[in-house]
Amino acid sequence: MAKGIVIYYSRTGNTKEMAEIIAGAMNGADLPTECKSVSDVKAEDLLNYDAIVVGSPTYYGHMAGPVKQLFDDTVSFHGKLDGKVGAAFTSAANIGGGNETTIMGIIEAMLIAGCVVQGDPKGDHYGPVSIGKPDERVEKQCARRGRRVAELTKKLTI
Ligand SMILES: Cc1cc2nc3c(=O)[nH]c(=O)nc-3n(C[C@H](O)[C@H](O)[C@H](O)COP(=O)(O)O)c2cc1C
């Protein structure tokens, strides 16, 4: 059976909150999904999942160092994430604070690895963005993204 993982880095809890909502929605859409801090994940673990969702706070318009390190560590099995579903999300302090570039950086790494990343024509296009602590809008975006990742993953793993 297909399964997913939501991986996050979070110092003050905002990105973690988003991760938990996304993972909850994926489980609710019948894709068994774990939710883990990046410190509890080794790159090789990613091979065990069909959907990989990664969230990072926006740090100077980029993903945080530990998240980048996780991607860098996948080089030892480059090509083996090909065809898995990927998605990204971020929390930042400011509108225009570099949140979409952070998400795009994560998505770029996923595309290089061969992951399938779905945009969203009606929700946050590249992935959920929170400004500070997730509010009701962000909660809806996270739940929506989790459902969409689960649905796509189930379609691709029949
Ligand atoms: C080193 C560092 C760099 C940051 N850079 C930015 C930034 O470029 N733009 C921004 O809007 N917020 C920036 N922030 C704020 C965080 O992205 C924001 O507080 C985020 O919600 C923290 O997520 P967390 O609660 O999951 O740790 C930065 C914070 C730190 C600690």
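Derivation of every value follows stated rules applied to the coordinates shown; laboratory data play no part. All of these numbers come straight from a predicted model, not from anything done at the bench. Counting neighbours? That spans all protein chains shown, and the Cβs are built from the backbone with ideal geometry, glycine included.
When shorter helices are ignored and each DSSP H run of at least 4 residues is given -39500 (n - 2.57), the per-residue value for the chain at 222 nm works out to -12000 deg cm²/dmol.
Full extension from T12 to I95: what is 0.36 nm times the residue separation minus their Cα-Cα distance, to one decimal in nm?
Gain in length upon complete extension: 28.1 nm.
Remark: the range 47-100 is approximated by an ellipsoid whose semi-axes, taken from the C-alpha gyration tensor as √(5λ), come to 25, 13, 8 Å, largest first. Taken one residue at a time, the phi angles of the range 40-57 give Karplus couplings (6.51, -1.76, 1.60, θ = phi - 60°) of 9, 10, 9, 3, 4, 4, 4, 5, 7, 10, 8, 10, 10, 10, 10, x, 9, x Hz. Gly and Pro are set to x. Of N99, N14, N48, which has the largest mean-square fluctuation in a 10 Å C-alpha GNM of the chain? Ranking N99, N14, N48 by mean-square fluctuation puts N48 first. Looking at the range 16-118, the trypsin sites (Lys or Arg not before Pro) that sit in a DSSP loop and have at most 15 other Cβ atoms within 10 Å of their own Cβ are K42, K80.
Please identify the trypsin sites (Lys or Arg not before Pro) of the range 85-155 that satisfy two criteria: DSSP loop assignment and at most 15 other Cβ atoms within 10 Å. Which are they?
K122
Pairs of C-alpha atoms in the chain farther apart than 21 Å represent 35 percent of all such pairs. Residues T58, T102 in ascending order of nearby Cβ atoms (within 10 Å, fewest first): T58, T102. With a threshold of 21 Å on the Cα-Cα distance, the over-threshold entries among K133/K154; K16/K155; K84/K140; K16/K42; K68/K154; K3/K133 are K133/K154; K16/K155; K84/K140; K68/K154; K3/K133. Think of the chain as a dipole: +1 on every Lys or Arg Cβ, -1 on every Asp or Glu Cβ, centred on the Cα centre; then among I103, S130, V75, S130 lies furthest on the positive end. Cut-off 10 angstrom, C-alpha nodes, Gaussian network model of the chain. Which of S39, S91, S130 fluctuates the most? For the chain, modelled as a Gaussian network with Cα springs under 10 Å, the answer is S39. Taken one residue at a time, the phi angles of the range 14-20 give Karplus couplings (6.51, -1.76, 1.60, θ = phi - 60°) of 5, 5, 4, 4, 4, 4, 5 Hz. Gly and Pro are set to x.
Computed from backbone phi, the HN-Hα couplings of the range 106-122 come to 5, 5, 4, 4, 5, 5, 4, 7, x, 6, 9, 10, 9, x, 9, x, 10 Hz, rounded to whole numbers (Karplus: 6.51 cos²θ - 1.76 cosθ + 1.60, θ = phi - 60°; Gly and Pro given as x).
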